[in-house]
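Here, each number is a calculation from the coordinates, and none is a lab measurement. Note that the coordinates shown come from a computational prediction; the quantities given were computed from them, not determined experimentally. As a convention, Cβ positions derive from the backbone with ideal geometry for all residues, glycine included, and neighbour counts pool all protein chains shown.
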Amino acid sequence: MALPSASGGGSTARLLTVPALLLLLSCAALLVFLLLPSPSASSGAHLCACSDPVTTHTTTSVTTTTTTAAPAPIATFPDDVAWLKAQLASNSLALLASADAWHELRKGINPRTRERQLFDLNRHHGISHYPEEEATNHTALPCPGELLVEEHHSNYGEPWAGGRDVFEFLANASALAPRDQVLEIGCGTLRVGLHFIRFLDAGRFHCLEQDELSLMAALRYELPSQGLLYKRPMIVRGGDMDFSKFGDTVMYDLIYSSAAFLHIPRDLVWTGLERLAGKLRPKTGRIFVSHNIKFCTRLGGDECTRRLTELGLEYVGKHTHDSLLFNHYEIWFEFRRPKV
């Protein structure tokens, strides 16, 4: 269909068809759409111009689990013994029955007695060493040769290894924990005490000892050589049952004397018990005395019981404990403080 021209006269008008008109309008609409900015771009420009950038912080929570290792077992169990016997068998290490057999094995390792070892040590034989004038500049804790060759390990009536037997029995019998407080009356060279010091928390081992040589061995050799200085045991020189240096408020979970009461006058033993009775933790605390309790039995059963009762103590019973490494057993007598 053609549209009539609006002008008159004899000129000829150009006609525009409907399809052409629709195509023209579509192109114009598309051009306008492409030229106009989009609403989202405008909104973004507005945020950037008027607002601070938004920073997102991500927090990561880390949960740390602290695992406390169980304390090392105190006693030696049957499966431990079985394991060791298997190791000995697998390495063909039979128990030697004669001195000649031992001597045969020692031929290749230059065996020396302690006496000879001390002699060589004092002459620096076979030892790289500094000149005497410089020795103190390199040795923090000079130790006498007699202690270095461990002569003090032979000062007892039984092998040095028996100290471990005593520790195992007492620690188990008193249900000892590392945080507990322990007092040994007469700790000597720490044949027993070393095992308690290693087991207990720092500062938890106390000792009263009067022998100078024993104290020298304990402090100058055993503690440094065993790497136990950091445990800070409190070792006091004294033989009069004076426990005041350990403090007025200390409470003991275990008090023991291994053979020391055999060499202390009876009246002084009772003085010590009197001073310690109030420092023993009620109900759970224990006192152990080895070998015999003649300080008590020689008074007679009734008198002994009466004196213990006056101190707030009571006799619990008698125990024996076998050695792990040699044919020996030890007798222990147990006391406690039943009431507050």
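A few remarks follow.
- Only beta bridges with both residues in the range 206-340 are counted; by DSSP, about 60 percent of them are antiparallel.
- Sparsely packed loop sites in the range 197-286 (the trypsin sites (Lys or Arg not before Pro) outside DSSP H, G, I, E and B with at most 14 other Cβ atoms within 10 Å) comprise Lys283.
- Farthest toward positive dipole pole in the range 268-340 [+1 Lys/Arg, -1 Asp/Glu at C-beta], among Ser290, Thr320, Gly272: Gly272
- Along its three principal directions, the equivalent ellipsoid of the range 226-340 from the Cα gyration tensor extends over semi-axes of 23, 21, 15 Å, largest first.
- Straight-line cross-link reach from Lys339 at under 27 Å between alpha-carbon atoms covers these lysines, not counting any fewer than eight positions away in the same chain: Lys245, Lys279, Lys283, Lys294, Lys318.
- For a label point 7 Å along the Cα-to-beta-carbon line of Asp322, residues of the range 73-92 with backbone N under 17 Å: 75-85
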